[in-house]
Structures are given as C-alpha cells and as structure tokens.
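Report on one structure; see the data block that follows.
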Amino acid sequence: MPKKITLGFLLLFFGTQVGITLKPVHAQTQVVPTTTTKPICPAQLETSVDAIINRPLFSRVRWGLLVQPLSSTQTLYSRDAQKYFTPASTTKLLTTAAALQQLGANFRIRTSVYGGGNGVLYVVGRGDPSLTNEQLTVLAHQLKQKGIGTVNQLIADDTYIRGDIVHPSWQWEDIQSDYGAPINSLILNQNVSNIRLLPQSVGQPLKVIWTDIHEDKQWQVINQSVTTAENQPTSINITRDLKGQILRIQGQLALNSKPALVSLPVVSPAEYFLRRFRSTLIADKIPVVRMFLSSIQTKNEQELAHVESPPVSELIAQTNIDSNNLFAESLLRALAIKKTPVQNQNSADAGLEVLKTTLTQMGVDPASYSLVDGSGLSRKNLISPEALVQTLQAMAKSPAALIYRASLPVAGRSGTLKNRFQNTPAEGIVQAKTGTMTGVVSLAGYVNAPRYGPVVFSIMVNQSEQPAKVVRQAMDEIVVLLTQLQNC
C-alpha cells in the first residue's frame, strides 16, 4: 500500500506561492479513558464531569455540553448548552438529517447524457459525489448500445449547481487538501487526482507517476526531490505557483521507502470530467471530434444514457462515518431542488434555507445554530450543543431513525471512532459524529447505557491550545461516564 499524503491548492489567492511540508498520515491515536467504570447515579454526573473539565490544563478552554435521556428532554448535565461554538464536522449531523428528511432514503442523484442530433452529446451532472471512472465506462457502453459511433461535439453542462466551487470562507490550508476539494455539478473521483512518488537510485530524483496519465499534460513539474539511503527520514515539500500549472516537488524519500501517494484537488473540475469522459469514449471506440463546456442549461433533449448515485441512505453513511466533506456539500446542494429557484441564488444558500426549514419543522430551535456550509469546514459556522442534541432527539423519533443512526461511526469499530474507546465500556454502544480543526474538538451522538437506557449528548470544545488528543481523552472519559449511568 502506498503511503498517502495530501496536497491541495490555494484557489483564491493567485499570484502567491504555497509551500507544504508533507508528512506521513497516521491513524488517529487510540485514547483509552482513565475514568473509573463503576456505576454512577444521574445525581452524581455533574460532579464527575466537572472534575474532568475543570482540570488546570483546561483552564483556558471553552466547554459546551448537554446530556439528555433519549426518552425525554430532562437535562442530566448542561454547560453553556445554548451558546454558540465552532462545530467543525459535527455540522454534518444537521446536513444529513435534513437530507434524509427532505430527499428520502431512496433518493438518488442522476447524471445524464442527452443527444442533440448531428453527433452532439450533452453530459448533464447534478452533483453526484460518488461518480467514478467506472460510471463513465457504464455511460460509454450505454451510448455504444444506442448506436453512437462518433461524437462530433461533447458538451459538458456544469450549470445545475450554481455558485462558488469552494466556499469563500474556507481557509486556504483546507482548500490545499483533498478534504477541501471543489464542489460542482460534474464531480468525478471526488474531484481529486493522484500522483505517486517512488524512490529510485540514491541521489536520483523521485519518480513521478500520474494515476491518470492524461493529467500529466496539465502540469509542468519541476522535480527537485532526491532519493536518499535506506532508513533515512521522509520529508517532501510540494509547492504550486498559482499563476500557472506548475508543481515543484522537493524533499526526499529513502531507497527502501514505500511509494508516497499525493492527492491533488483538481483546479477546474468540469474540464477534468470532460477530459476523462472523452478518454473513456475513445477507449470504447467512440471517437470524439470536439469537446467544450456549456454555460447554458440543457433543455428538451433526448436522454441516451444515465447513471445514478447510491441512495441517500448510503450517501449519508459515507458522509458521517468517514466525515466526507465533499459528500456533505453535495447533499446540501441537492436540497436546493426542494426550493423554488430564486434568480442568482446559489445552490448552497438555497440548500441552507431548506435545511433550516426542515430542522425547524422537526423542533430544532432555528436560533440555536447559524450555518454557511454543509460540511463544517468554515469557521463561520456556529452551533450550540442544544442544536445538536435537538437534532439527534428529533431524528431518533423520525421514521428514518435507524438509517440516520446507522450513518454514525461506532465507538471502537468504524469510521472516525474506529481507534477510540477500544477496550472500554463505550466500545460498540456509542454512536457519534466527530469534529476537529485547530482549536476545536467536538463529539455528539447516542449512548446505549445498559443500566440506564439511551442517552443523547453533545460535547464541544473551542479556543483550546491543548493538542486535540488531550481534549479527546477528556471527552472520552466523559462519554465512558455516560455508559455507566444507572437508575438510582
């Protein structure tokens, strides 16, 4: 397996140069809470939780907590539960709840190819985040079966999703990573392209291999890297001159190192899609004479081929279990179909209006949160612990309760919680969504306390100078306390 390293591009600040020192990505360190596992009465919970969050190392940290039984709105613990916090990826709890309620568990996002006559094909994307090269092959085979032998004009219609492909408030370091990939109507391979860096002879530059050979032509690579002797440390630095398509590769890999996989968010995703689809058609012996993007929405044409995404039930699972930002943003924009179009309104804003209306109807206080995106990447998002608990409570009582809950990571078992809570009483009985960015750690979800019953909780930490793993350990201690609740 290649070692994966991510790189993204600063799309908003042209004329500057970005340098990133790349290091190997490790799985989240397992944190084993030190809290005692003896049973605890609800009346003792406040004292026990306070003992954790009032430790001297958290003296400058801002905590927000709310704990309630699933069966009622009785409060078992509360601290600043109605105040706003930067939520990070716990934002996805609101986005996926609204998507499941409004779109339904079986809704699929359709990508279509229409025929315009005279060898003209229009590809219309609607923001399917799951589309890969394999689906392009399916489309090509369908066209072949319809008798399409030559394409005179291949036109990509990227107009379905309106607005910026990256949110203007996303930070530049996020846009530089694959988790900050752009969002548009024609998403392919999660709008990420990859290169592999392989060591060669000592003293030689690293070999650069593009996973997609057609992307090689889009870049000028200045390779200043070097292969070092065995067991030397890895240090790779990649910069891009944002005035042009120039990648500068610096640093080193040892002779006996595994290849390094570098993920590059594509700069012009619709053009990337168009290049890949043309190549797929040609590989299926359907020559393409010309290709270009359209700025006019395709209308009244005959659909010749189509593919569909997995159902929303599966899309929200990938969104929450893997904390996939691209999937969350795509679902937010999919919500826009539930709103009457307003001239010049972008799809994300329309989706946010539908989200708020939906959550309000579910009983979530509209004043308890303020969102600008669907993934939590923006630091302009504000959510209270109360809003998260209200959302979790409402979804637990909805017809889609089991689907929603199944979309959450399981402690010690899956997703972003796979390496947390192992060998503790919380393993297997806690399902929760994580959220992390610099100075922010959050966790919200459900606990099936065996001696008490189901509990809903939200824990949010902001303005922390402590390493995230230190805050997580304290959070995990609190969650383990919740698993030990008993009626007394």
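Quick check: anything in region 272-280 farther than 23 Å from K144 by Cβ, of a type outside the set (K, R) and surrounded by fewer than 20 Cβ atoms within 10 Å (Cβ to Cβ)?
No, every residue in region 272-280 fails to be farther than 23 Å from K144 by Cβ, of a type outside the set (K, R) and surrounded by fewer than 20 Cβ atoms within 10 Å (Cβ to Cβ).
Condition first: in contact with a Phe, Trp or Tyr (Cβ under 8 Å, 6 or more places away or on another chain) and closer than 30 Å to Q171 by Cβ. Can you find one or more residues in region 415-429 that meet it?
Here is the first cut: in region 415-429, the residues in contact with a Phe, Trp or Tyr (Cβ under 8 Å, 6 or more places away or on another chain) are 427.
If we keep only those that are closer than 30 Å to Q171 by Cβ as well, we get none.
So far as region 415-429 goes, no, none of its residues is in contact with a Phe, Trp or Tyr (Cβ under 8 Å, 6 or more places away or on another chain) and closer than 30 Å to Q171 by Cβ.
Mind checking whether some residue in region 133-152 is within 30 Å of V342 (Cβ to Cβ) and either part of a strand (DSSP E or B) or among the charged types (D, E, K, R) (or both)?
The answer is no, given that none of the residues of region 133-152 is within 30 Å of V342 (Cβ to Cβ) and either part of a strand (DSSP E or B) or among the charged types (D, E, K, R) (or both).
From S370, S375, grab the single residue that is in contact (Cβ under 8 Å) with a residue 40 or more places away in the chain, of a type in the set (S, T, Y), more than 19 Å from I165 (Cα to Cα) and not assigned by TED's automatic domain parsing to the domain that holds G163. Working first, answer last.
Working: S375 fails: more than 19 Å from I165 (Cα to Cα).
Criteria check complete, one pass: S370.
Considering only residues that are surrounded by 15 or more Cβ atoms within 10 Å (Cβ to Cβ) and farther than 19 Å from S268 by Cβ, which ones fall in region 180-204?
Across region 180-204, the qualifying residues are R196, L197, L198, P199.
Is it the case that K217 is free of Cβ contacts under 8 Å to residues at least 12 places away in the same chain, surrounded by fewer than 17 Cβ atoms within 10 Å (Cβ to Cβ) and either among the aromatic types (F, W, Y) or outside any strand (DSSP E or B) (or both)?
It is true that K217 is free of Cβ contacts under 8 Å to residues at least 12 places away in the same chain, surrounded by fewer than 17 Cβ atoms within 10 Å (Cβ to Cβ) and either among the aromatic types (F, W, Y) or outside any strand (DSSP E or B) (or both).
When region 451-469 is examined, which residues are found to be buried (at least 17 other Cβ atoms within 10 Å of the Cβ) and part of a helix (DSSP H, G or I)?
Selection gives A468 alone.
In region 38-54, is there at least one residue being under 30 Å from V354 (Cβ atoms), modelled with pLDDT of 50 or more and not assigned by TED's automatic domain parsing to the domain that holds T132?
The answer is no, given that none of the residues of region 38-54 is under 30 Å from V354 (Cβ atoms), modelled with pLDDT of 50 or more and not assigned by TED's automatic domain parsing to the domain that holds T132.
Going by the structure shown, is V389 among the aliphatic types (A, V, I, L, M), under 24 Å from V441 (Cβ atoms) and part of a helix (DSSP H, G or I)?
yes
Somewhere in region 303-314, is a residue more than 28 Å from G163 (Cβ to Cβ), in contact with a helix residue (DSSP H, G or I) (Cβ under 9 Å, 6 or more places away or on another chain) and touching a residue at least 24 places away in the same chain (Cβ under 8 Å)?
Yes, because at least one residue in region 303-314 is more than 28 Å from G163 (Cβ to Cβ), in contact with a helix residue (DSSP H, G or I) (Cβ under 9 Å, 6 or more places away or on another chain) and touching a residue at least 24 places away in the same chain (Cβ under 8 Å).
Can you name the residue in region 361-401 that is of a type in the set (S, T, Y) and in contact with a strand residue (DSSP E or B) (Cβ under 7 Å, 6 or more places away or on another chain) and, of all such residues, is surrounded by the fewest Cβ atoms within 10 Å (Cβ to Cβ)?
So in region 361-401, the residues of a type in the set (S, T, Y) come out as 368-370, 375, 378, 384, 391, 398.
Right, trim to in contact with a strand residue (DSSP E or B) (Cβ under 7 Å, 6 or more places away or on another chain) and you get 369-370, 384.
Values: Y369: 24, S370: 15, S384: 24.
This residue is S370.
The values are calculated or read from the model by the stated rules, or taken from the named source; none is laboratory data. Model, not experiment: these values are computed from the prediction. Every residue, glycine among them, receives a Cβ derived from its backbone with ideal geometry; neighbour counts consider all protein chains shown.
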